[in-house]
Amino acid sequence: MKWSPFAVVTLLSLPVSASQVEVLHWWTSGGEAKAVEVLKSEWAERGNQWNDFAVQGGGGKSAMTVLKSRALAANPPEAANLKGYELDEWASLGFLRDLSPMAEHLGWYPKMPPMVRDTLSHNGTLMAVPIGIHRINWLWLNRAVFERLGLTPPTDWEQFVTVAKQLKAKGVTPLAIGNEPWQLTVLFETVVLGEGGKAFYRKAFLEQDPATLTGPEMVRALTRFQQLRDFVPEKYAGLKWHQATNLLESGGAAMQIMGDWVKGELSAGNYRPGEDIECLPSPGSAGLFSYNLDSIAMFKQRDPAQLQAQGELAQLLMTPEFQARFNRVKGSIPALSQPDMRQFDRCAIRSYQDFQQAEQGGNLLPSMSDGMAVPTNMRQAIMDVLSSFFNDPRANPEQTALQLERAMRSTRSGTGAEQK
Ligand code: GAL
């Protein structure tokens, strides 16, 4: 449907009645669910009704499968948490409502940091509204464990391995992680950043340069990644990210590498981020910021009541007040320019400062593991290669680098979306 500014005005001024929206998301862990509660309650305070369409599973893979079947049955929800390349893919297929007339009419663009606007734009349309910025390259560390054992937090991967060996010798699991492919991919992404730096990361994932993907630096990153297999929990098969965080909180594990949704979980369990659990850039990545932008897209609808409900939801999501409340609980930072960070915790304040510096210094990097850097098929292919590699102690890094390049090349066409 093509919108004229006139249509927007008309729609925004329809008589007020209770609006209903069904919203797909996968925010089901303790901290995530609390963040969704913030949204639900603000929506309800405005006299509206919320139909929760929550699909379990960190990283959202199951949610995306369910969404596809609903869309194929011509019955998509009004709204969904869709992000990065998934947005481009759904937009190319013609499913998403273009929010640019609203954005222009309501003056949203100047409120969006350039990265946010770029990520959400597709051929001149606005595909979604931003909700929060998560940082991926974080190292979470149990301070009491480190103090008790007299250990110094690692700032590069060499130190990480040294500290991990010491922890293991003392009977503490060094690295809280489960064997889900997406969790392993988060870890690998941070290894690539820390071992190879920004230029290597860009060449490997954004340019998908064959020589870089198969070269010595990639082999080194894979070798390091494989080395970390020694430090995972004994029962790591099936461990969810938030269960890994619980292990970190209890001191059963000393460190976790994960996006800052971890922080939502900490607060839900009354652990103070930046105090009980320290937040540091993942080893070797100080100054870099790999981002994951959460956003809500609206599926095309015909019914004026549904269209109106979508418009109202989008407007609520775009308010600084809502974004401050939501992101304080979710662990992310607001996705609007110049947010008021006064009531945020230490890690969020650090995240925002680092975000700004990275923005100015050209050090913002789209997260590969979270669907910001490569199309969905390619990301899936990468995850498959990485998880077989990590789980096979005899796997060979040189051969795996070749497999990685091949897997990425084979998914380069027919993704349904053009490369940005
Ligand atoms: C990400 C999502 C985050 C967080 C995480 C774990 O994909 O963007 O908001 O919830 O999954 O479920």
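The values are calculated or read from the model by the stated rules, or taken from the named source; none is laboratory data. Computed from a prediction, not measured in an experiment: that's the story for all the values here. FYI the Cβ positions are ideal-geometry reconstructions off the backbone, even for glycines, and counts take in every protein chain you see. Surface accessibility is based on the protein's heavy atoms, side chains included, excluding ligands, DNA and RNA. Shrake-Rupley method; radii C 1.70, N 1.55, O 1.52, S 1.80 Å.
Listing for the model above:
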read-out: Rounded if a/c under 1.5, otherwise prolate or oblate - segment 143-244, Cα gyration tensor axes; value: prolate
read-out: Rounded Å value of the spacing that divides the Cα centres of segment 324-362 and segment 148-171; value: 29
read-out: Rg/Rh ratio calculated on Cα atoms of segment 126-191 (Kirkwood radius); value: 1.10
read-out: Selection of trypsin sites (Lys or Arg not before Pro), segment 305-402, meeting DSSP coil and at most 14 other Cβ within 10 Å; value: R342, R394
read-out: Antiparallel DSSP beta bridges within the chain, as percent of all bridges there, nearest 5; value: 60
read-out: Folded to 0 to 90 degrees: helix 320-330 orientation relative to the chain principal axis, Cα; value: 30
read-out: With every protein chain in place, the chain: carbon and sulfur % of accessible area (1.4 Å); value: 51
read-out: Loop GluC sites (Glu not before Pro), segment 170-259, which have at most 13 other Cβ atoms in a 10 Å radius of their Cβ (DSSP); value: E207, E234
read-out: FRET E, pair S62, E321, Förster distance 22 Å, beta-carbon r, rounded to 0.05; value: 0.10
read-out: Size of charge dipole - segment 214-370 - debye, nearest 20, with Cβ of Lys, Arg +1 and Asp, Glu -1, no other charges; value: 200
read-out: Options L222, A35, L193, ranked by Cα towards positive dipole end of the chain, top entry (Cβ charges); value: L222
read-out: Charge dipole (debye, nearest 20) of the chain; +1 at Cβ of Lys and Arg, -1 at Cβ of Asp and Glu; value: 280
read-out: Within-12-Å neighbourhood charge of M368 [Cβ basis; K, R +1; D, E -1]; value: 0
read-out: Sequence-separation-based contact order of the chain, relative, with Cα cut under 8 Å and 6+ spacing, percent; value: 27
read-out: Length released on extending from A144 to A169, taking residue separation times 0.36 nm less the Cα-Cα span; value: 7.3 nm
read-out: Positive dipole terminus of segment 50-100, leading residue within A80, A91, A54 (C-beta point charges); value: A54
read-out: Unsatisfied cross-links (Cα-Cα over 31 Å) in the set K170/K198; K111/K263; K61/K170; K165/K263; value: K170/K198; K61/K170
read-out: Estimated 222 nm signal from helices in the chain, with DSSP H stretches of n ≥ 4 weighted -39500 (n - 2.57), rounded to 500; value: -15000 deg cm²/dmol
read-out: Given charges at beta-carbon only (K, R positive; D, E negative), |dipole| of segment 234-302 in Debye; value: 480
read-out: Listed residue (W157, N123, V66) projecting farthest to the positive dipole end of segment 50-183, Cβ model; value: W157
read-out: Gyration tensor verdict on segment 298-404 (Cα atoms; rounded if a/c is under 1.5, prolate if a/b is larger than b/c, oblate otherwise); value: oblate
